[in-house]
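Here is the structure we will look at.
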Amino acid sequence: MEKSLNELEGSVAGESSRDLLPEPTSRPTWGSKVQYILAQVGFSVGLGNVWRFPYLCHQNGGGAFLLLYFLLLLLIGIPLFFLELAAGQSIRQGSIGVWKHINPRLAGIGFASCVVCSFVALYYNVIIGWSLFYMFNSFQYPLPWENCPTLANQTQKEPECTKSSATTYFWYRKALDITDSIEPSEMNWPMTGCLILAWVLVCGGMIKGIKSSGKVMYFSSIFPYIVLVCFLIRGLLLDGALDGIRIMFTPKLEIWGDIQVWRQAATQVFFALGLGFGSVIAYSSYNDRENNCHFDAILVSFINFMTSILATLVVFAVLGFRANDITNQCFLENQKKIRELLGDLRIVDNDLLAPLDNMTSTEYSDWYKRVDPIANLTHYGITNCRAEDEMNKGVEGTGLAFIAFTEAMTRFPASPFWSLLFFLMLLNLGLSTMFGNMQGIITPLLDNFSCLRKRKTIFTILCCIIGLLIGLIFVQRSGSYFVSMFDDYSATLPLIIVVIFENVAVAWVYGADRFMDDIEGMLGYRPWKLYKYMWQYVSILAMIGLLLASLIRMCIAHPTYQSWNLEKAAEEKLEYPPWALGMLISLIVLASLPIPVVFLKQTIQDWLQNRRSKAYGQCEYSQGCTVDEVLEPIEDGIPRCSNGYLHVEMEDLAERGNLLTDGDEEDNDNVTG
């Protein structure tokens, strides 16, 4: 992607060589290829693989969603991931420098990526703080979220806890100490301490750049896989685990006709690979130009996909065990109720006299479906006990990690050990992603502003301190609502817009063929021609469709958030108040604003420079005479050439290498003589 000298000399003012960023002479590189791959995998494999992908897979057709996700990974994910890797490695700059190199008017794409990375880093580190809080509380037996607490000086259980569950109560009332709305509130000091510790860990891993973060990746990227394998082996040995996995892979092909499922699958592909954040570009910019980035794109994409499947297997095995255990308890409780009410129920046949003691939970569910329409069992508080119903409860986002999964671990033997492993895994997943986010902020700014490169360590520490101070908004008692707001709105639309402009910049502004030539120069072979058409047409159209689908959904459905009702001890959806709506709209606008602002700024600068160039172009220039030319008579002591212009000895001046001054009388005498 490097411009030739002729291209630079013939470019317009806005694309002159003065506007291109010079490559730093001492740019650091990765210690090894393994470090680089682990860094890319660590950034792309994050908390979303553990709690977002399993939820989407279960809610959207199981095996059918897996096929749809894999299809979109091939059509959108890998081509765009390859594009970012190749761009960063070719130019060896952060996101700002890459797009400024292509065209200075497009530098706003890089600044927009920095803004989005900043928003994500602010709330993502709060989730790391939550993981630290639970990890510290895992050093207790029994686990503090295993049983409901009792009221002060009483033996009665906390009513709010009994209405919900012990894990739900601990999450909302002990960990978050949550309010019932998004209105600003007082600080949650234990969680504030965890947030400070999280930023200290991030700063420690980033303070020496990739030299330190690359070494940390050996542990933070590999350890989660060890924990996932341990959980999978342990989960498969539990009762009900295979039922959970069967539910996961049961295909529901009818979901392919739902446009929202396509939108969710495309969004998951988009975020799973970390497209648009600038972190992928930042990491690849530290590679040698001869590195095989095409192989890297395919390798990291498939590792990410297989990690999502592994995490989903673990989640559904554990949740299957949890659902089976809850279903058995439900069945035993209903047995007692049925025996107590047997004399009051008027049944025509003898279905109620079936041998309940010998029933399995599956047989009970079938029996319930036959008897309930006749005996109205629901009226007596007797419910159907189905594992599928239990698995549908609380499996999205934080509900999966901090409620459903923690509840399942309380049923494990040696539950504190498994809890400690799980939250240590979440901590490492979060840290590896945070390192990528911080690189997406720091690297472009260091490359673009030379004054910051001289104070790299101080600048890194300053970024972490600013992130901590702004992040305090997320550790007030209503802070989790702000986390949800930032997660839902601060990144989705801006990142889609960023990637669309990235695609257009490479495929149409720079030129897909020219970009393919650059890749061939790096790899030694030309990539598949299919990539050219994917970049020019398929990926752009797919991203525009995703943007429109997201906008339509946002406009149709009023933005809401999930709140915790203290009186009902249950979750409920509330609409954002006007000030919060203004805040979330501001987040979207602020993250996207650098693209048009930088474009207009550079356009105006180019226009002014062109005007100055035209003004200078109106001045006429004529060749002066030499000493051999006939001079006219001297007038007023000034010799003139025969053409009427002042005499200039061009050849003599060129040989001497300096200009004559008006006040040099000796030289003037030589000229007139």
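The values are calculated or read from the model by the stated rules, or taken from the named source; none is laboratory data. The structure displayed is predicted, hence computed values, not measured ones. A quick note on method: Cβ atoms are made from the backbone with ideal geometry, for glycine too, and the neighbour counts reach across all protein chains shown. Quick note on the areas: whole protein, heavy atoms, side chains included, nothing else; ligands and nucleic acids left out. Shrake-Rupley method; radii C 1.70, N 1.55, O 1.52, S 1.80 Å.
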Problem - Relative contact order of the stretch 509-573, pairs being alpha-carbon contacts under 8 Å that are 6 or more residues apart, as % - result: 17 percent
Problem - Solvent-accessible area per residue for the stretch 223-346 (1.4 angstrom probe, square angstrom) - result: 41 Å²
Exercise for the section: Kindly report the accessible area of the stretch 425-531 per residue (heavy atoms of protein chains, probe 1.4 Å, no ligands, DNA or RNA), in Å². Expected result: 36 Å²
Fill in the blank from the handout: Bounding extents of the stretch 154-282 in its principal axis frame from Cα atoms, largest first in Å, are 57, 46, 37
Practice task
Whole Å is fine, so just give me how far the alpha carbon centre of the stretch 80-152 lies from that of the stretch 479-525.
Solution key: 16 Å
Exercise for the section: Set the Förster radius R0 to 41 Å, insert the Cβ-Cβ distance between Thr603 and Trp189 as r into 1/(1 + (r/R0)^6), and round the FRET efficiency to 0.05. Expected result: 0.25
Exercise for the section: Using only C-alpha atoms and all pairs of different ones, pull out the Kirkwood radius for the stretch 395-476 in Å with one decimal. Expected result: 15.7 Å
Exercise for the section: Could you let me know the centre-to-centre spacing of the stretch 257-300 and the stretch 438-472, using Cα atoms, in angstrom? Expected result: 24 Å
Exercise for the section: Give the whole-number value, in cubic angstrom per residue, of the convex hull volume spanned by the C-alpha atoms of the stretch 28-145. Expected result: 185 Å³
Problem - Interchain or long-range residues, amide H under 5 Å from Lys208's placed H - result: Ser213
Practice task
Take every Cα pair under 8 Å in the stretch 103-166 that's 6+ residues apart, average their separations, divide by the length, and report that relative contact order as a whole percent.
Solution key: 17 percent
Handout entry: Phi-based couplings in Hz for the stretch 433-449 (Karplus 6.51, -1.76, 1.60; Gly and Pro marked x)
Key = 6, 5, 4, x, 4, 5, 5, x, 8, 6, 4, x, 6, 5, 5, 8, 10
Handout entry: log10 of Debye I(q)/I(0), alpha-carbon scatterers only, for the stretch 521-624 at 0.15, 0.16, 0.20 Å⁻¹
Key = -0.97, -1.00, -1.13
Handout entry: Whole-Hz couplings from phi, Karplus 6.51/-1.76/1.60, listed for the stretch 601-614; x for Gly and Pro
Key = 4, 5, 5, 5, 4, 5, 5, 5, 5, 5, 5, 5, 4, 5
Handout entry: Whole-number percent relative contact order across the stretch 435-568, with pairs defined as alpha carbons under 8 Å at least 6 apart
Key = 21 percent
Handout entry: Cβ crowding within 10 Å averaged over residues, with 562-572, 110-120 ranked highest first
Key = 110-120, 562-572
Handout entry: Flagged links, alpha-carbon separation over 25 Å, of Lys100/Lys532; Lys252/Lys336; Lys174/Lys336; Lys529/Lys601; Lys252/Lys529; Lys252/Lys532
Key = Lys252/Lys336; Lys174/Lys336; Lys529/Lys601; Lys252/Lys529; Lys252/Lys532
Fill in the blank from the handout: Counting every C-alpha pair in the stretch 395-541, the percent lying more than 26 Å apart is 56 percent
Exercise for the section: For the stretch 72-216, just the Cα set please: Rg and Dmax, both in angstrom. Expected result: 22.6, 71
Handout entry: the stretch 448-541: trypsin sites (Lys or Arg not before Pro) in DSSP coil with no more than 12 other Cβ atoms inside 10 Å
Key = Lys454, Arg455, Lys529
Handout entry: Cα Rg, Dmax, the stretch 97-154, angstrom units
Key = 22.7, 71
Exercise for the section: Report in % the part of the accessible area of the stretch 163-304 that belongs to carbon and sulfur, leaving out ligands and nucleic acids; probe 1.4 Å. Expected result: 67 percent
